[in-house]
Amino acid sequence: MKELTPIDARHAVLGGGLLACGGGGWKHHGELMGNLATALERPVLASVDEVPADTWVATVTAIGAPAAKNWEIRPADYVHALQELIRAADVPIGAVMTAQNGYSTTLNGWIQSAMLGVTVLDTAGDVRAHPTGKLGGLGLGERPGYASIQVVSGGNRELHGHFVSVNRGNLNTVDDVLRDISVRVGGFIASARNPVELDWVKANGAHGSISLALDLGADIAAAREDGPDAIVAAAQARLQADLIDEGPLRIEKRTRTVGGWDRGTFRIGEHTVPYLNEYMAVEHASGRVATYPDTIVILDKATGEGLAVKDAARGGQDVALLVSPAGRLPVSGSSIDRAGLAECEAIMGIDFLTHLNPALRPGTARYTPAP
């Protein structure tokens, strides 16, 4: 087990920002949550092998479109959502996990650990950020007989007041309802959802994902004094990534925010990158280069950080495009879920299922931090 410190919080934001793949929340929100959590107490991070076998686990996250203009989430919203889930679920939830890595989502669960004493699992519903709850839902939408319980809390108080909702039913249906709620309350809302047995998490989670973000952030911080090329090299090494292209970022299709989704396409050199909240593919005139669940990173050389969709509206940034093919980093059951991928196909109008590697299996690429 590891007590998380303010330095860990800074590294989580840096590393999570690359694994955000263009989404994954907001840098300032991650810094706020990390600083507050580690100032209040020391959140505890543990692997799935370090908590009791009878532990129940909940996923804690936020839901919405990062480019939304009127979103508001307060730190207390995350805590309140988990408290309401514990009441509604009537099972002993002793640990929490994030649905994905990202600028702020890598730190999901830290404030709940500091305030409520739950353990943060070194596991995620996906090693990288993704656009739908299904892709970080541990495959529970396809688990026979599983009834999802999902709580949301928050919203823009000035425009909509404080909104709380407890929802039960099929995971995929509830996920759609909560995305609609996020739009109606300003664009984003805090969530606690899907209590499940530890054994299911062990079988379906992307293990070591938080440690990966922490180590990646430490690498980036150490490389900064040596300049942009050193940062790109450090990110490549930690992510086992290939440098696909580099140069100025161009706008191929401008961002449109519709129904809780940020949609558009960037161009870098000879490659285009379509996104749905997050970077979902890399295309070339010769064919598809990368497809979710590959980890697709656009690194802004001027800042040494991952470039978020919401910050790239004008284009022109000098960037590096990196891809880590799925399987080099931890794989979760939900990131290769065919129903979740089919939904992305329907929304974006591009193929995902035909590019899915049938050899991918959850747990086959667990990340283990150096001692």
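The values are calculated or read from the model by the stated rules, or taken from the named source; none is laboratory data. All of these numbers come straight from a predicted model, not from anything done at the bench. Reconstructed Cβ throughout: ideal geometry from the backbone, glycine too, with neighbour counts over all protein chains shown. With ligands, DNA and RNA removed, areas are computed over all heavy atoms of the protein, side chains included. Shrake-Rupley method; radii C 1.70, N 1.55, O 1.52, S 1.80 Å.
Laid out as a table, the results:
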{"item": "Unmet criterion (only one of (1) within 25 Å of residue 258 (Cα to Cα); (2) out of contact with any Phe, Trp or Tyr (no Cβ under 9 Å at 6 or more places or on another chain); (3) aliphatic (A, V, I, L, M)) for residue 308", "result": "(2)"}
{"item": "Residues satisfying the stated conditions in segment 1-15, i.e. in a helix (DSSP H, G or I), closer than 19 Å to residue 119 by Cβ and open to solvent by less than 10 Å² (accessible area, probe 1.4 Å)", "result": "9, 12"}
{"item": "Any chance residue 103 is aromatic (Phe, Trp, Tyr), over 19 Å from residue 337 (Cβ atoms) and either in contact with an Asp or Glu (Cβ under 6 Å, 6 or more places away or on another chain) or assigned to a loop (DSSP other than H, G, I, E, B) (or both)", "result": "yes"}
{"item": "Residue selected from segment 211-269 under the condition part of a helix (DSSP H, G or I) and of a type in the set (S, T, N, Q), by the criterion farthest from the chain's Cα centre (by Cα)", "result": "236"}
{"item": "Cross-chain or 6+ apart pairs with Cβ under 7 Å, segment 334-352 first and farther than 20 Å from residue 124 by Cβ, then polar (S, T, N, Q) and in a helix (DSSP H, G or I)", "result": "none"}
{"item": "Which listed residue, of 318, 294, is at pLDDT 95 or above and open to solvent by less than 30 Å² (accessible area, probe 1.4 Å)", "result": "294"}
{"item": "Segment 69-93 - residue that is open to solvent by 50 Å² or more (accessible area, probe 1.4 Å) and within 17 Å of residue 147 (Cα to Cα) and, of those, modelled with the lowest pLDDT", "result": "90"}
{"item": "Segment 109-121 residues that are at positive phi, paired with ones that are among the acidic types (Asp, Glu) (beta carbon under 6 Å, 6 or more apart)", "result": "none"}
{"item": "Residue check, residue 235 open to solvent by less than 20 Å² (accessible area, probe 1.4 Å) and farther than 19 Å from residue 61 by Cα", "result": "yes"}
{"item": "Tally of residues being modelled with pLDDT under 95 and open to solvent by 60 Å² or more (accessible area, probe 1.4 Å) across segment 254-282", "result": "5"}
{"item": "Residue list for segment 30-68, restricted to those being open to solvent by 20 Å² or more (accessible area, probe 1.4 Å), closer than 12 Å to residue 6 by Cβ and outside any loop (DSSP other than H, G, I, E, B)", "result": "31, 35, 36, 39, 40"}
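Quick grid of which residues meet (1) touching a Phe, Trp or Tyr at 6+ places or on another chain (Cβ under 7 Å); (2) in contact (Cβ under 8 Å) with a residue 40 or more places away in the chain; (3) open to solvent by 30 Å² or more (accessible area, probe 1.4 Å):
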site: 167; (1), (2), (3): no, no, no
site: 179; (1), (2), (3): no, yes, no
site: 188; (1), (2), (3): yes, yes, no
site: 201; (1), (2), (3): no, yes, no
site: 215; (1), (2), (3): no, yes, yes
site: 220; (1), (2), (3): no, yes, no
site: 227; (1), (2), (3): no, no, no
site: 241; (1), (2), (3): no, yes, no
